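Here the structure is laid out as structure tokens; the discussion comes afterwards.
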Amino acid sequence: MAVSEESSSSSSRPNSSNSNTNSRSPPKHNANAYYLAKTVLRGSVVLQTVCGHFRSTSSYDVVFGKETSVELVIIDEDGIVQSICEQPVFGTIKDLVVLPGMRSFKCRVRRFFPLTHVELSAPGNSRHQLGRMLAVDSSGCFLAASAYEDQLAIFSLSLSSTGDIIDKRIFCPPEKDGRLKTARGSTNISGTIWSMCFISEDYHQASKVRKPVLAILLNRRGSFYRNELLLLEWNIEEEAVNVIYQFAEAGPLAYHIVEVPHSHGFAFLFRAGDIVLMDFRNVHSPSCVYRRSLNFTPLEEQSFKNIIRIPDIMDEDGISSFAASALLELGDINKSDDPMNIDDYSCIQPGSNYVCSWSWEPGVTNSPRIIFSADSGDLYVIEILFESDGVRVNLSDSLYKGLPSNALLWLDGGFVAAIVDMADGMVLKFEDGFLQYRSSIQNIAPILDMCIADYPDEKHDQMFACSGMASEGSLRIIRSGISVEKLLKTAPIYQGVTGTWTVKMKVSDPYHSFLVLSFVEETRVLSVGVSFSDVTESVGFQPDVCTLACGIVADGVMVQIHQCGVRLCLPVRTVHPEGIPLSSPICASWFPDNMTISLGAVGQGMIVKHLELNRILMDYAADSPVSGLPSGNRVDNLFVIGTHKPSVEVVSFTNDKGLQVLAIGVISLTNTMGTTISGCVPQDVRLVLVDRLYVLSGLRNGMLLRFEWPSASTLSSTGPPGQHTVGSSCTVNSRDLSNSLSSNNKVPPMFMSNASGKSEGEFPVNLQLIAVRRIGITPVFLVSLSDSPDADMIALSDRPWLLQTARHSLSYTSISFQPSTHVTPVCSSECPRGILFVAENSLHLVEMVPSKRLNVQKFHLGGTPRKVLYHNESRLLLVMRTELDNDSCSSDVCCVDPLSGSVLSSFKFEPGETGKCMELVKVGNEHVLVIGTSLSAGPAIMPSGEAESTKGRLVVLCIEHMQNSDSGSVTQRSSPIGGYAAEQLSSSSLCSSPDDNSCDGIKLEETEAWHLRLAYSTIWPGMVVAVCTYLDRYFLASAGNSFYVCGFPNDNSQRVRRLAVGRTRFTIMTLTAHFTRIAVGDCRDGILFYSYHEDSRKLEQVYCDPVQRLVADCVLMDVDTAFVSDRKGSVVVLSCANHVEDNASPERNLTLCCSYYMGEIAMSMRKGSFSYKLPADDMLKDSDAAGNNINSSRNCIMASTLLGEEYELLEDVQAKLVVDPLTAPILGNDHNEFRSRESRAGIPKILDGDILAQFLELTSMQQEAVLALPLGTPNTAVLSMKLSMPAKVNQVVRLLERVHYALN
């Protein structure tokens, strides 16, 4: 995501300049534009997996290394992967290991913090830089880090009193001569280091002076021998590394060496075609004790095997390493005089299997077992038995057949996590001697293309993405927020709902029994079960009143609070097995004299009511005093109220003292102009107990607050707030804490006698405001998802948000559902995690899906989806597929139903023809599909960047709506939500069809059908690799280094005329246009701007890229500005706004406005029209410039514009966040250097929204501390001089809230 930020001068332009969006002369984009980039959906590719006790000694956590981020997950007892947190590292992760005996990271408040940093090399991506691979000693005392080539380092580890982990270190080879001592002289490390591991010593024979031994596999540069095994010994006392064993062979390529845990000297050598177990107990004379051939794949399947994908090994000049080619040479060369040759090599055939990944069984010290994945996709287990007569190795049969795994992780409980390349991973479990599939590990990469379209009948967009390759290719539907599964929708007959509650019959019941709906002058009680039926009379609630609150005060005793009184009810057995055995319920009512009730709350044994003239509280619980509270108080007698003062107050009740205010949080908020913010009256309040007790309050103006008990140091300097009553209370929340506290839990520390710094008589204390967030403009309601005091909540305002109570400060994520007025959790045996929303006068039963780490729906396509478009008229997706497993064709274009994923029709290309690009082009009043293909095999580009001599085809297809009377060809379409006249939750309303990936189904008209018809086709001299529309009546198409302006004469789709041609020096990769501007991206010269003269039918190059770049994609924001992504992971903004276009020079350099290094290649970019501005913003409410900025929201990539001074403010905040210990990059690297890679010095940077987003996760005190940090670098010192006044916390929070609100 990028947010453009124009200078304030842009807001002073006349409105007329932006009034006509259809004008042929669009408004110019301001040259002084700034941008912010923020990750909306992080990369899903998992490269490394480790497990350990990161959160606590009792937790069992899994960490996924995802190149630019780390994700902490757990795998529950059902094998479902659930994400705990994900954190960007602002760098590139090369490898990930766990140090035994100590945690390499410490995870606090769901965030990783580094324990220490060790700089291995200068920033960059040279193959000689350390950090590509890690190896750790089994005892956790030593760590090794290697480069791709020639270099490695060894470290000794110890946790000292000073906190330092790295004790000693040595780099190899030494800098002075680059040679290592051997028994026969010296040698060096010159070549690619494939693998390495430590060889552990037997602790019974280990000497006092430890000399760690590191085994490395080396492919020596220029050597005939494929394998070279080196054993390096680190003499710590002499500070030297010596080669104690060296052996080279020309046999099968050995590419992994893996130590056997708890074996003290044994290691596996994984080679092409076999597995060798080596005995290194005598490091000066190792031997082979076991060898097993890996010929698993039948001969008839060998030609179809997946080839191992080798990542590019690039140096600073972008030249591939010579040694990388050795990985592809998996043949066999005999050699008879080596210690690894215990069998004849004749059984190893070219193309034999090899090990892709492996993992050891956790917690096993005797008879260790290792699971490994072969390149055939089979999973095997090897068991090693150490017996008196030697070592015995048992290899199992294939336990599971799937895709080859790039990484394996064997977990406790018999689970195995298998990570697959370019496909979803898997969680497997050992059952009955085999591995059984349990769940998927979502991976939507690679995304080759995407399009954005409205979600049918709802008010939010969704993204359709082309994901995966070949047989694992799929169409992914990506939605924002937390995924929900829609189960039921009723007819819109519920007008005027004022409240919803779910009630259990007994406190210990696992499921809810009743759903209570309150209307303006009515109350209905529905049973919760297979169906929702009206049981109001059998429960006993008064039906002709508006219910204010309800619940149970004791098992089987329900209470209803309404305006005129309180009603206790005992339901009958006909509606619940625990009811009374009578024909009608027993009811008792209490009515206040000359008073009415305005609010109420029900807890276990407690009813709290607010009356207009008095206060009444009834208590049904027995006394259970707790030390530290005022005499007679109990933890379970606490409740919180919100008042009109405005404030929140924590109140306790005892029979002898009545109500007593224990703590008060005064609400007084101001905007950046110093004006008090209106509407700060609490709408809803909640008590939360997670490690400590705190208060959440939703305000009527759409703001969310968190209060905590102050520390002892703060309390000692704070005086009592004075006398407070509850007479003006507006919101009440009674929370039964004792029911959810186990006997091992302690009393919350703020209520202990010395915890608050005050004596017993000095209550109430002042609550501290920790965090303030605006989540909308409508009142905020807080609904707990369960009765537990630490349960997550739904914060309901303009949209529903999931509020994570265990997170630090305030952490909330949008729920992928439409705006709603009321919500309540519904737990039944059929739907244990149900949530009932009231939206648009209908009841919507949904279920949040915790198993989905990503809010993504998947449709298998059976090939690689290359391009996707959304056709508005048919509401269908047009998908271009390649690598089809089809005898008649390998590529086609198909129509896909976006609701069910079914392929409705397709147009098959000729045999040997491959689709390359496509675009919808307007012809008259309809749209046709223009397609570019390749008719030649092989690459389209020479190594020099010039185009190969190839052929392609330009195809035009018409999308026709056919009237088909054949009932056998009826199109079945699924709807996300079906209409229901009754309130039934049965098997018919659930997702029961195996062919239906959505929830409820409806049929289209029986005569509706769409198909693709060929209208035009012609052969072109070159592969047609790019197509785009131009000026609503032309289209552009490129082949080789030429591109053409084409049109349809007389709006005839059966004729195409080439009107003009333009040529570049190198192969064209992308084409895009905006009004009259054409942007051409080639594979070397970067972006070139062209203009087309309709009168003369000529193309003219007017601007060009100032640097060479290999363009991945390009988006024109307007006629002057282009967003460009390249194949090195950078995004840049190029502009010509400061140039005057004339004909003086044939070539004018574009201005490089700003850049941003992502570390991942953006293969597809789309322009959005999202406004980052909140619906109501106190800070800009009275600003004259606010209205003008809204018009700029369409000139953006997923956001809109800010003011220039706001960019400077956030730039200053970013400079402080990158050095603060709480928010600095956990890799310890230079954030500015990372985001500046592949960019010229002095080029402005796009703001890093991921760094800035961390500011919202801090408490108010931490935010103030960050803003008070000194700026230590010269660049940041210059920034501080630009600001006219110090940054205020609420000013920064408001800016970042708007970005968060727009994207989440």
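The values are calculated or read from the model by the stated rules, or taken from the named source; none is laboratory data. What you are looking at is a predicted structure, and each value in this text was computed from that prediction instead of being measured. Note that we place each Cβ from the backbone using ideal geometry, even for glycine, and neighbour counts take in every protein chain shown. In case anyone asks, the SASA skips ligands and DNA or RNA and just uses the protein heavy atoms, side chains included. Shrake-Rupley method; radii C 1.70, N 1.55, O 1.52, S 1.80 Å.
Annotations for the structure displayed:
- Net charge of Cβ neighbours under 12 Å - reference C546; Lys, Arg +1; Asp, Glu -1: -2
- Only Cα pairs under 8 Å and 6+ residues apart enter the sum, and on that basis the relative contact order of the range 383-521 stands at 11 percent.
- Length-normalised contact order for the range 1005-1069 - Cα pairs under 8 Å, 6+ apart - percent: 26
- Measuring between their Cα centroids, the range 559-595 and the range 1062-1088 lie 76 Å from each other.
- Relative to the current alpha-carbon distance between A248 and T92, full extension at 0.36 nm per residue lengthens the span by 52.8 nm.
- For peptides 793-801, 432-440, sequence by mean Cβ density within 10 Å, most packed first: 793-801, 432-440
- Between L120 and E521, the modelled labels are 7.6 nm apart [label points 7 Å from Cα along Cα→Cβ].
- Gain in span if fully extended, S58 to N295, counting 0.36 nm per residue against the direct Cα distance: 81.1 nm
- Spin-label pair K401/E847, simplified geometry with 7 Å Cα→Cβ offset, distance in nm: 3.3
- Cα-Cα over 29 Å, subset of K922/K1167; K66/K908; K858/K1167; K922/K1128; K922/K951: K66/K908; K922/K1128
- Summing +1 for each Lys or Arg and -1 for each Asp or Glu among the other residues whose beta-carbon sits under 11 angstrom from that of T914 gives 0.
- Placing R0 at 35 angstrom, the Cβ-Cβ distance between D1250 and D787 gives a FRET efficiency of 0.45 after rounding to 0.05.
- Estimated FRET transfer efficiency (I493, H262; beta-carbon r; R0 60 Å; 0.05): 0.35
- Computed from label points 7 Å out along Cα-Cβ, the spacing between I1161 and L570 is 7.5 nm.
- Number of Lys pairs (Cα under 28 Å; 8 or more positions apart or on different chains) in the range 391-510: 5
- Accessible surface of H808, taken over heavy atoms with a 1.4 Å probe and every protein chain present, rounds to 60 Å².
- Within the assembled protein chains, the solvent-accessible surface assigned to H1093 is about 80 Å², based on a 1.4 Å probe.
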